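Everything below concerns the one structure shown next.
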Amino acid sequence: MPEGADMRRFREALPGLAGDLGPEGLEQILESFLVDSGARIASLGDLLAAGDLAGLGRCAHSIQGGSGIFGLTDLGRLALAVELAARASETGRLPGLVAGLESAYRQLEPALRDAARTLARSTGG
(Lines give C-alpha, C1' and ligand atoms only; values in the text may rest on other atoms or scores of the structure.)
Protein backbone atom coordinates (compact mmCIF):
# COMPACT_ATOMS: atom_id res chain seq x y z
CA MET A 1 0.00 0.00 0.00
CA PRO A 2 1.56 3.33 -1.02
CA GLU A 3 2.30 5.93 1.61
CA GLY A 4 -0.24 8.75 1.68
CA ALA A 5 0.50 12.44 1.30
CA ASP A 6 0.01 13.12 5.00
CA MET A 7 2.62 10.52 5.96
CA ARG A 8 5.06 11.94 3.40
CA ARG A 9 4.56 15.43 4.83
CA PHE A 10 4.86 14.05 8.37
CA ARG A 11 8.18 12.38 7.58
CA GLU A 12 9.40 15.57 5.90
CA ALA A 13 8.42 17.65 8.95
CA LEU A 14 10.22 15.46 11.50
CA PRO A 15 13.81 16.66 10.89
CA GLY A 16 12.83 20.32 11.23
CA LEU A 17 10.81 19.64 14.36
CA ALA A 18 13.66 17.62 15.84
CA GLY A 19 16.02 20.51 15.06
CA ASP A 20 13.70 23.01 16.75
CA LEU A 21 12.66 20.88 19.72
CA GLY A 22 15.42 18.33 20.02
CA PRO A 23 14.69 14.63 19.62
CA GLU A 24 13.33 14.29 23.17
CA GLY A 25 11.07 17.32 22.78
CA LEU A 26 9.77 15.96 19.48
CA GLU A 27 9.15 12.59 21.07
CA GLN A 28 7.17 14.25 23.87
CA ILE A 29 4.93 16.36 21.64
CA LEU A 30 4.33 13.47 19.24
CA GLU A 31 3.33 11.21 22.11
CA SER A 32 1.10 13.96 23.52
CA PHE A 33 -0.52 14.43 20.10
CA LEU A 34 -1.19 10.69 19.84
CA VAL A 35 -2.70 10.44 23.32
CA ASP A 36 -4.79 13.60 22.98
CA SER A 37 -5.93 12.98 19.41
CA GLY A 38 -6.72 9.34 20.10
CA ALA A 39 -8.94 10.36 23.00
CA ARG A 40 -10.59 13.08 20.94
CA ILE A 41 -11.19 10.76 18.00
CA ALA A 42 -12.73 8.23 20.40
CA SER A 43 -15.11 10.90 21.74
CA LEU A 44 -16.38 12.20 18.40
CA GLY A 45 -19.16 9.64 18.06
CA ASP A 46 -20.39 10.20 21.61
CA LEU A 47 -20.44 13.97 21.13
CA LEU A 48 -22.34 13.57 17.87
CA ALA A 49 -24.83 11.12 19.40
CA ALA A 50 -25.41 13.49 22.33
CA GLY A 51 -26.01 16.39 19.94
CA ASP A 52 -23.16 18.31 21.58
CA LEU A 53 -22.23 20.29 18.48
CA ALA A 54 -20.20 22.85 20.43
CA GLY A 55 -18.16 20.07 22.04
CA LEU A 56 -17.79 18.33 18.69
CA GLY A 57 -16.54 21.54 17.10
CA ARG A 58 -14.01 22.13 19.89
CA CYS A 59 -12.79 18.57 19.68
CA ALA A 60 -12.34 18.77 15.91
CA HIS A 61 -10.59 22.14 16.27
CA SER A 62 -8.06 20.59 18.66
CA ILE A 63 -7.41 17.73 16.26
CA GLN A 64 -6.89 20.21 13.44
CA GLY A 65 -4.39 22.24 15.44
CA GLY A 66 -2.33 19.23 16.43
CA SER A 67 -2.38 17.89 12.90
CA GLY A 68 -0.88 21.08 11.53
CA ILE A 69 2.19 20.82 13.75
CA PHE A 70 3.12 17.53 12.10
CA GLY A 71 2.25 18.36 8.49
CA LEU A 72 -0.91 16.24 8.56
CA THR A 73 -2.81 18.69 6.40
CA ASP A 74 -5.32 16.21 4.97
CA LEU A 75 -6.28 15.12 8.49
CA GLY A 76 -6.46 18.78 9.49
CA ARG A 77 -8.79 19.56 6.58
CA LEU A 78 -11.13 16.75 7.63
CA ALA A 79 -11.13 18.04 11.20
CA LEU A 80 -11.85 21.57 9.95
CA ALA A 81 -14.79 20.26 7.92
CA VAL A 82 -16.22 18.65 11.08
CA GLU A 83 -15.63 21.83 13.07
CA LEU A 84 -17.33 24.06 10.49
CA ALA A 85 -20.27 21.68 10.01
CA ALA A 86 -20.74 21.48 13.78
CA ARG A 87 -20.63 25.27 14.08
CA ALA A 88 -23.22 25.57 11.28
CA SER A 89 -25.41 22.83 12.85
CA GLU A 90 -25.22 20.78 9.65
CA THR A 91 -26.40 17.64 11.40
CA GLY A 92 -27.13 15.80 8.16
CA ARG A 93 -23.48 16.05 7.04
CA LEU A 94 -21.83 15.42 10.38
CA PRO A 95 -22.10 11.61 10.59
CA GLY A 96 -20.24 11.17 7.29
CA LEU A 97 -17.67 13.83 8.16
CA VAL A 98 -17.03 12.32 11.58
CA ALA A 99 -16.70 8.85 10.07
CA GLY A 100 -14.22 10.18 7.52
CA LEU A 101 -12.13 11.88 10.20
CA GLU A 102 -12.15 8.76 12.38
CA SER A 103 -11.14 6.58 9.44
CA ALA A 104 -8.32 8.88 8.35
CA TYR A 105 -6.89 9.01 11.86
CA ARG A 106 -7.08 5.23 12.26
CA GLN A 107 -5.17 4.80 9.00
CA LEU A 108 -2.43 7.21 10.10
CA GLU A 109 -2.17 6.18 13.74
CA PRO A 110 -0.08 2.98 13.33
CA ALA A 111 2.62 4.78 11.32
CA LEU A 112 2.60 7.71 13.75
CA ARG A 113 2.96 5.34 16.71
CA ASP A 114 5.80 3.58 14.91
CA ALA A 115 7.54 6.93 14.45
CA ALA A 116 7.05 7.68 18.15
CA ARG A 117 8.58 4.31 19.08
CA THR A 118 11.52 4.96 16.76
CA LEU A 119 12.07 8.36 18.35
CA ALA A 120 11.88 6.83 21.83
CA ARG A 121 14.52 4.24 20.92
CA SER A 122 16.80 6.89 19.41
CA THR A 123 16.57 9.09 22.51
CA GLY A 124 16.77 6.27 25.03
CA GLY A 125 13.16 6.94 26.14
Checklist entry - Is at least one residue of segment 86-97 buried (at least 20 other Cβ atoms within 10 Å of the Cβ) and more than 17 Å from the chain's Cα centre (by Cα)? => result yes
Checklist outcome for this item: Going through segment 111-125 in order, the residues found to be in a helix (DSSP H, G or I), in contact (Cβ under 8 Å) with a residue 24 or more places away in the chain and exposed (fewer than 14 other Cβ atoms within 10 Å of the Cβ) are SER122
Item to check | Flag if ALA13 is surrounded by fewer than 17 Cβ atoms within 10 Å (Cβ to Cβ), under 27 Å from THR118 (Cα atoms) and in contact (Cβ under 8 Å) with a residue 40 or more places away in the chain | outcome: yes
Item to check | In segment 21-37, the residues that are at pLDDT below 90 and either surrounded by 17 or more Cβ atoms within 10 Å (Cβ to Cβ) or outside any helix (DSSP H, G or I) (or both) | outcome: PRO23, GLU27
Checklist entry - touching a Phe, Trp or Tyr at 6+ places or on another chain (Cβ under 6 Å) and either of a type outside the set (Phe, Trp, Tyr) or not in a helix (DSSP H, G or I) (or both), is that true of GLY66? => result yes
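Residue-wise test of (1) under 18 Å from ALA111 (Cβ atoms); (2) assigned to a helix (DSSP H, G or I); (3) at pLDDT below 95.
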| residue | (1), (2), (3) |
| --- | --- |
| ARG11 | yes, yes, yes |
| ARG58 | no, yes, no |
| SER62 | no, yes, no |
| LEU75 | yes, yes, no |
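Conditions (1) at pLDDT below 95; (2) out of contact with any Gly (no Cβ under 8 Å at 6 or more places or on another chain); (3) within 24 Å of ALA120 (Cβ to Cβ); (4) not in a helix (DSSP H, G or I), marked per residue:
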position: LEU14; (1), (2), (3), (4): yes, yes, yes, no
position: GLY19; (1), (2), (3), (4): yes, yes, yes, no
position: GLY55; (1), (2), (3), (4): no, yes, no, no
position: GLU83; (1), (2), (3), (4): no, no, no, no
position: ALA86; (1), (2), (3), (4): no, no, no, no
position: SER89; (1), (2), (3), (4): no, yes, no, yes
Item to check | Filter pass, LEU108 being assigned to a helix (DSSP H, G or I) and crowded, with 16+ Cβ neighbours inside 10 Å | outcome: yes
Checklist outcome for this item: Of those in segment 44-71 that are touching a Leu at 6+ places or on another chain (Cβ under 9 Å) and of a type in the set (S, T, N, Q), the residue surrounded by the most Cβ atoms within 10 Å (Cβ to Cβ) is SER67
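The values are calculated or read from the model by the stated rules, or taken from the named source; none is laboratory data. Remember, it's a predicted structure, so these values are computed and weren't measured experimentally. Reconstructed Cβ throughout: ideal geometry from the backbone, glycine too, with neighbour counts over all protein chains shown.
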